[in-house]
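Undergrad: What follows is a structure written as structure tokens; I'll ask about it next.
The values are calculated or read from the model by the stated rules, or taken from the named source; none is laboratory data. Quick caveat: nothing in here was measured; it's all calculated off a predicted structure. Note that each Cβ is placed from the backbone with ideal geometry, even for glycine, and that neighbours are counted across all protein chains shown.
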Amino acid sequence: MKKTKIKDVEVLAKTKFLSLYNAKYENKNGKEKNWTIASRKGSEVLNETLIQGSEDKVDAVVIVAFHKREKKLVLVKQFRVPINDYIYELPAGLVDDGEEAIVSLKRELKEETGLDIVEIIPGLGRDKVYLSPGMTDESVNLVYCTCDGELSKDGLEEDEDLEPLLISKEEAKAILQSDSKIDIKCLMVLQSFININIDI
């Protein structure tokens, strides 16, 4: 039995932030198949990673931030067009071209919440995790950190509609018990925050 292998990738649709591709691949039984992939990468980069085996770079950062003075978890409640509703999420954002993930991390936390990173917590995050690999190659740098400062929406971009929040363990429990929409990453962090003692 063979290993599944991608043979070709062609563009189906292209926009500023996201493109749709058809990947022709040969499955483990030698049959040619097709798979639709959503990606933030251009076709040249996607071909390099999927066909030539080059290492892909992370698309974004996701931030698990604990407020040092308040002893609370930092969340955002953000409007997302695909679900036409507000959803609880972790602060996050795209890595700009040529930008180091640590720079993106600091910039995005400041823009979305007004808070400043104090310290990266080693051993908890991961340099690259994939968000929905059945549909997209999007990957993120997941970082745990402590932060300080006052919540602010002054750095938000025009199209960002979000509320930065500091959440206690009791509030985390209430969110989990509510029927509010919650991002899967946020849900898992809320569950950990309630059940695990993290010295911040």
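For every residue, the table says whether it meets (1) aromatic (Phe, Trp, Tyr); (2) touching a strand residue (DSSP E or B) at 6+ places or on another chain (Cβ under 7 Å); (3) surrounded by 14 or more Cβ atoms within 10 Å (Cβ to Cβ); (4) closer than 29 Å to Asp97 by Cβ.
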| position | (1), (2), (3), (4) |
| --- | --- |
| Gly30 | no, no, no, no |
| Glu48 | no, no, yes, yes |
| Lys57 | no, no, yes, yes |
| Phe66 | yes, yes, yes, no |
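Undergrad: Has the range 144-152 got at least one residue that is assigned by TED's automatic domain parsing to the domain that holds Glu70 and under 23 Å from Leu18 (Cβ atoms)?
TA: no
Undergrad: Does Ser180 fit the bill of being surrounded by fewer than 17 Cβ atoms within 10 Å (Cβ to Cβ), in contact (Cβ under 8 Å) with a residue 40 or more places away in the chain and out of contact with any helix residue (DSSP H, G or I) (no Cβ under 7 Å at 6 or more places or on another chain)?
TA: Details: surrounded by fewer than 17 Cβ atoms within 10 Å (Cβ to Cβ): yes; in contact (Cβ under 8 Å) with a residue 40 or more places away in the chain: yes; out of contact with any helix residue (DSSP H, G or I) (no Cβ under 7 Å at 6 or more places or on another chain): yes.
Considered against the rule, which asks whether it is surrounded by fewer than 17 Cβ atoms within 10 Å (Cβ to Cβ), in contact (Cβ under 8 Å) with a residue 40 or more places away in the chain and out of contact with any helix residue (DSSP H, G or I) (no Cβ under 7 Å at 6 or more places or on another chain), Ser180 comes out as yes.
Undergrad: All but one of (1) within 18 Å of Cys145 (Cα to Cα); (2) out of contact with any Ser or Thr (no Cβ under 9 Å at 6 or more places or on another chain); (3) surrounded by fewer than 20 Cβ atoms within 10 Å (Cβ to Cβ); (4) acidic (Asp, Glu) hold for Glu44; state the number of the condition that does not hold.
TA: All conditions pass for Glu44, except number (1).
Undergrad: Looking for whichever is hydrophobic (A, V, I, L, M, F, W, C), part of a strand (DSSP E or B), crowded, with 18+ Cβ neighbours inside 10 Å and at pLDDT 95 or above here; the options are Val189, Val143. Which one fits?
TA: It is Val143.
Undergrad: Please work out which residue is farthest from Glu138 (Cα to Cα), limiting yourself to the range 93-113 and to residues that are of a type in the set (Val, Ile, Thr) and either without any contact (Cβ under 8 Å) to a residue 12 or more places away in the chain or outside any loop (DSSP other than H, G, I, E, B) (or both). Walk me through it before giving the result.
TA: In the first step, residues of the range 93-113 are kept if they are of a type in the set (Val, Ile, Thr); the result is 95, 102-103, 113.
Going one step further and asking which of them are either without any contact (Cβ under 8 Å) to a residue 12 or more places away in the chain or outside any loop (DSSP other than H, G, I, E, B) (or both), we end up with 102-103, 113.
Working: Ile102: 18, Val103: 19, Thr113: 23 Å.
Restricting to residues being of a type in the set (Val, Ile, Thr) and either without any contact (Cβ under 8 Å) to a residue 12 or more places away in the chain or outside any loop (DSSP other than H, G, I, E, B) (or both), the top hit is Thr113.
Undergrad: Would you mind stating whether Glu10 is at negative phi, modelled with pLDDT of 95 or more, surrounded by 12 or more Cβ atoms within 10 Å (Cβ to Cβ) and among the acidic types (Asp, Glu)? Spell out how you get there, then give the answer.
TA: On the way: at negative phi: yes; modelled with pLDDT of 95 or more: yes; surrounded by 12 or more Cβ atoms within 10 Å (Cβ to Cβ): no; among the acidic types (Asp, Glu): yes.
Answer is no for this residue.
Undergrad: Let me ask another. Can you find, within the range 13-28, the residue that is nearest to Leu94 (Cα to Cα) among those that are surrounded by 10 or more Cβ atoms within 10 Å (Cβ to Cβ) and among the polar types (S, T, N, Q)?
TA: The selected residue is Ser19.
Undergrad: Looking at Val76, Val118, which is the one that is over 22 Å from Asp159 (Cα atoms) and either assigned by TED's automatic domain parsing to the domain that holds Glu171 or buried (at least 17 other Cβ atoms within 10 Å of the Cβ) (or both)? Full working, then the answer.
TA: Numbers: Val76 fails: over 22 Å from Asp159 (Cα atoms).
Step by step, each of Val76, Val118 is checked, and only Val118 is over 22 Å from Asp159 (Cα atoms) and either assigned by TED's automatic domain parsing to the domain that holds Glu171 or buried (at least 17 other Cβ atoms within 10 Å of the Cβ) (or both).
Undergrad: In addition: Looking at the range 19-75, which of its residues are on the phi < 0 side of the Ramachandran plot and among the small types (Gly, Ala, Ser)?
TA: Applying the first criterion (on the phi < 0 side of the Ramachandran plot) to the range 19-75 yields 19-29, 31-52, 54-70, 72-75.
Within the range 19-75, Ser19, Ala23, Ala38, Ser39, Gly42, Ser43, Ser54, Ala60, Ala65 qualify.
Undergrad: Here is a further query. Tell me which strands (runs of 3 or more DSSP E) are completely within the range 1-92 and hold 3 or more residues being within 23 Å of the chain's Cα centre (by Cα), or say none if there are none. Steps first, please.
TA: Numbers: elements: 5-14, 19-26, 32-39, 60-67, 72-80, 85-89.
Qualifying strands (runs of 3 or more DSSP E): 19-26, 32-39, 60-67, 72-80, 85-89.
Undergrad: Taking the condition of being of a type in the set (D, E, K, R) and either closer than 19 Å to Ile184 by Cβ or in contact with a strand residue (DSSP E or B) (Cβ under 8 Å, 6 or more places away or on another chain) (or both), how many residues in the range 86-107 meet it? So that I can check it myself, show each step before the final result.
TA: Our first condition is that a residue be of a type in the set (D, E, K, R); within the range 86-107, this holds for 89, 96-97, 99-100, 106-107.
Remaining after also requiring either closer than 19 Å to Ile184 by Cβ or in contact with a strand residue (DSSP E or B) (Cβ under 8 Å, 6 or more places away or on another chain) (or both): 89, 106-107.
Final tally of qualifying residues: 3.
Undergrad: Report the residue count in the range 114-133 for those that are under 20 Å from Phe17 (Cβ atoms) and outside any strand (DSSP E or B).
TA: Number of matching residues: 3.
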